[in-house]
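Q: Supplied in C-alpha coordinates, the structure appears directly below.
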Amino acid sequence: MRVLAIVLALAAAGCGPSVVTVRSGDLGTWFKGQYGLELTQVIKRFEPGKGAGAAYRVGEAVRFVLNLDRQGHVAVISLDLDAQSTPRLLGRYFLAAGDQVLPPPGGPSEYRLSPPAGWQRVRVIFTDRQGPSALSARDGDAATAAYIRSSGATVFDVAETYLVIR
(Lines give C-alpha, C1' and ligand atoms only; values in the text may rest on other atoms or scores of the structure.)
Protein backbone atom coordinates (compact mmCIF):
# COMPACT_ATOMS: atom_id res chain seq x y z
CA MET A 1 0.00 0.00 0.00
CA ARG A 2 1.07 3.56 -0.62
CA VAL A 3 1.26 4.34 3.11
CA LEU A 4 3.85 1.61 3.64
CA ALA A 5 5.98 2.97 0.80
CA ILE A 6 5.87 6.50 2.26
CA VAL A 7 6.82 5.34 5.76
CA LEU A 8 9.64 3.12 4.52
CA ALA A 9 11.01 5.82 2.21
CA LEU A 10 11.13 8.33 5.06
CA ALA A 11 12.75 5.82 7.39
CA ALA A 12 15.40 5.02 4.78
CA ALA A 13 16.05 8.73 4.30
CA GLY A 14 16.72 9.07 8.05
CA CYS A 15 13.97 11.60 8.67
CA GLY A 16 13.23 12.60 12.26
CA PRO A 17 10.43 11.18 14.34
CA SER A 18 7.91 13.99 13.83
CA VAL A 19 7.69 13.73 10.06
CA VAL A 20 4.87 11.40 9.06
CA THR A 21 1.18 11.74 9.69
CA VAL A 22 -0.84 10.33 6.83
CA ARG A 23 -3.73 12.66 6.08
CA SER A 24 -7.08 11.92 4.57
CA GLY A 25 -5.86 13.43 1.29
CA ASP A 26 -3.22 10.70 1.11
CA LEU A 27 -5.74 7.99 1.99
CA GLY A 28 -8.59 9.57 0.02
CA THR A 29 -7.49 8.37 -3.40
CA TRP A 30 -6.97 4.86 -2.04
CA PHE A 31 -10.40 4.61 -0.38
CA LYS A 32 -12.19 6.17 -3.34
CA GLY A 33 -10.51 3.80 -5.80
CA GLN A 34 -10.79 0.64 -3.71
CA TYR A 35 -14.07 1.17 -1.86
CA GLY A 36 -15.89 4.06 -3.57
CA LEU A 37 -15.68 6.18 -0.40
CA GLU A 38 -14.88 9.86 -0.86
CA LEU A 39 -13.39 11.29 2.34
CA THR A 40 -14.24 14.74 3.68
CA GLN A 41 -11.44 16.87 5.18
CA VAL A 42 -12.59 16.91 8.83
CA ILE A 43 -9.48 15.64 10.64
CA LYS A 44 -6.86 18.38 10.71
CA ARG A 45 -4.31 16.69 12.98
CA PHE A 46 -3.76 13.23 14.43
CA GLU A 47 -0.54 12.10 16.11
CA PRO A 48 0.85 10.54 19.29
CA GLY A 49 1.40 12.97 22.17
CA LYS A 50 5.17 12.77 21.65
CA GLY A 51 4.82 13.32 17.88
CA ALA A 52 4.51 11.01 14.90
CA GLY A 53 7.14 8.30 14.91
CA ALA A 54 8.06 8.83 18.56
CA ALA A 55 9.41 5.89 20.56
CA TYR A 56 7.47 4.37 23.46
CA ARG A 57 8.31 1.44 25.73
CA VAL A 58 6.24 -1.71 26.06
CA GLY A 59 3.73 -1.08 28.86
CA GLU A 60 3.87 2.71 28.48
CA ALA A 61 0.60 4.63 28.10
CA VAL A 62 0.17 6.67 24.95
CA ARG A 63 -2.23 9.49 24.23
CA PHE A 64 -3.03 10.94 20.83
CA VAL A 65 -3.64 14.54 19.81
CA LEU A 66 -6.55 15.06 17.44
CA ASN A 67 -8.00 18.18 15.85
CA LEU A 68 -11.43 18.11 14.20
CA ASP A 69 -13.12 20.93 12.32
CA ARG A 70 -16.59 19.68 13.40
CA GLN A 71 -18.09 17.55 16.14
CA GLY A 72 -18.71 13.89 15.52
CA HIS A 73 -17.86 10.30 16.31
CA VAL A 74 -14.33 8.93 16.13
CA ALA A 75 -13.03 5.39 16.29
CA VAL A 76 -9.37 4.64 16.98
CA ILE A 77 -7.93 1.45 15.52
CA SER A 78 -4.51 -0.17 15.75
CA LEU A 79 -3.00 -1.65 12.58
CA ASP A 80 0.08 -3.61 11.68
CA LEU A 81 2.57 -1.68 9.58
CA ASP A 82 1.42 -3.61 6.50
CA ALA A 83 -2.30 -3.42 7.47
CA GLN A 84 -2.65 -7.17 6.84
CA SER A 85 -3.09 -8.39 10.43
CA THR A 86 -6.40 -8.13 12.22
CA PRO A 87 -7.01 -4.51 13.28
CA ARG A 88 -8.02 -3.76 16.88
CA LEU A 89 -10.65 -1.21 17.88
CA LEU A 90 -9.07 0.81 20.70
CA GLY A 91 -12.00 3.12 21.44
CA ARG A 92 -15.01 5.06 20.15
CA TYR A 93 -15.88 8.58 21.28
CA PHE A 94 -18.18 11.49 20.50
CA LEU A 95 -16.02 14.63 20.40
CA ALA A 96 -16.51 18.35 19.94
CA ALA A 97 -14.74 20.30 17.21
CA GLY A 98 -11.24 21.56 18.00
CA ASP A 99 -8.25 20.07 19.80
CA GLN A 100 -8.84 16.78 21.62
CA VAL A 101 -6.79 14.19 23.49
CA LEU A 102 -7.46 10.47 23.02
CA PRO A 103 -8.46 8.72 25.07
CA PRO A 104 -10.34 11.66 26.56
CA PRO A 105 -9.25 12.71 30.07
CA GLY A 106 -11.37 11.24 32.84
CA GLY A 107 -12.30 8.26 30.70
CA PRO A 108 -12.10 4.73 32.02
CA SER A 109 -9.39 3.56 29.63
CA GLU A 110 -5.93 4.35 28.40
CA TYR A 111 -3.85 2.96 25.59
CA ARG A 112 -1.11 0.71 27.03
CA LEU A 113 1.42 -0.52 24.51
CA SER A 114 2.08 -4.23 24.27
CA PRO A 115 4.50 -6.39 22.28
CA PRO A 116 5.64 -6.93 19.64
CA ALA A 117 8.21 -4.18 19.44
CA GLY A 118 8.49 -2.24 16.19
CA TRP A 119 6.48 0.25 14.21
CA GLN A 120 2.77 0.52 15.03
CA ARG A 121 0.23 2.26 12.79
CA VAL A 122 -2.81 3.86 14.41
CA ARG A 123 -5.80 5.10 12.43
CA VAL A 124 -8.65 7.38 13.42
CA ILE A 125 -12.00 7.26 11.62
CA PHE A 126 -14.39 10.24 11.83
CA THR A 127 -18.09 9.73 11.11
CA ASP A 128 -21.09 12.00 11.59
CA ARG A 129 -23.05 8.99 12.92
CA GLN A 130 -21.97 6.44 15.50
CA GLY A 131 -20.29 3.38 14.03
CA PRO A 132 -20.46 -0.25 15.12
CA SER A 133 -18.94 -1.46 18.39
CA ALA A 134 -16.68 -3.99 16.64
CA LEU A 135 -14.67 -4.22 13.44
CA SER A 136 -15.97 -6.70 10.90
CA ALA A 137 -13.01 -7.28 8.59
CA ARG A 138 -9.62 -8.86 9.08
CA ASP A 139 -7.50 -6.25 7.27
CA GLY A 140 -7.21 -2.58 8.20
CA ASP A 141 -8.45 -1.02 4.99
CA ALA A 142 -11.44 -3.33 4.59
CA ALA A 143 -12.27 -2.86 8.30
CA THR A 144 -12.15 0.92 7.87
CA ALA A 145 -14.44 0.83 4.83
CA ALA A 146 -16.87 -1.56 6.54
CA TYR A 147 -16.92 0.62 9.67
CA ILE A 148 -17.78 3.73 7.64
CA ARG A 149 -20.50 1.94 5.66
CA SER A 150 -22.00 0.36 8.81
CA SER A 151 -22.25 3.75 10.47
CA GLY A 152 -24.46 5.11 7.70
CA ALA A 153 -22.37 8.28 7.82
CA THR A 154 -22.72 10.97 5.18
CA VAL A 155 -19.57 12.78 6.37
CA PHE A 156 -16.47 10.73 7.14
CA ASP A 157 -12.71 11.07 7.20
CA VAL A 158 -9.69 8.91 7.96
CA ALA A 159 -6.18 9.78 9.13
CA GLU A 160 -3.36 7.70 10.50
CA THR A 161 -0.06 8.06 12.23
CA TYR A 162 2.57 5.78 13.65
CA LEU A 163 4.79 5.23 16.66
CA VAL A 164 7.63 2.91 17.55
CA ILE A 165 7.34 0.39 20.39
CA ARG A 166 10.68 -0.52 22.02
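The values are calculated or read from the model by the stated rules, or taken from the named source; none is laboratory data. Computed from a prediction, not measured in an experiment: that's the story for all the values here. FYI the Cβ positions are ideal-geometry reconstructions off the backbone, even for glycines, and counts take in every protein chain you see. Only protein heavy atoms, including side chains, enter the accessible area calculation; ligands, DNA and RNA are left aside. Shrake-Rupley method; radii C 1.70, N 1.55, O 1.52, S 1.80 Å.
Q: Hey, got the dipole for the range 53-166? About the Cα centre, +1 on K and R Cβ, -1 on D and E Cβ, debye to the nearest 20?
A: 260
Q: What figure, in Å² to the nearest 10, do you get for the accessible area of residue 68 with a 1.4 Å probe and non-protein molecules left out?
A: Estimated to the nearest 10 Å², residue 68 gives 0 Å².
Q: Further, regarding this structure: Taking the simple approach of a point 7 Å from Cα along Cα-to-Cβ for both residue 57 and residue 134, what is their distance in nm?
A: That separation, rounded to one decimal, is 3.5 nm.
Q: How many nm separate the modelled label positions at residue 41 and residue 150, each set 7 Å beyond the Cα in the direction of the Cβ?
A: Placing both labels 7 Å beyond Cα along the Cβ direction yields 3.0 nm.
Q: Follow-up. Residue 162: accessible area at probe 1.4 Å, nearest 10 Å²?
A: So the heavy atoms of residue 162 present about 20 Å² to solvent.
Q: When the convex hull of the C-alpha atoms of the range 74-144 is computed, what volume per residue in Å³ does it have? Let's see the in-between values first.
A: Working: hull volume 7.5 nm³, N = 71.
Per-residue hull volume (Cα only) is 106 Å³.
Q: Once amide H atoms are placed 1.01 Å from N in the peptide plane, what residues at a sequence separation of 5 or more from residue 37, or on another chain, have their amide H within under 5 Å of its amide H?
A: Correct list: 32.
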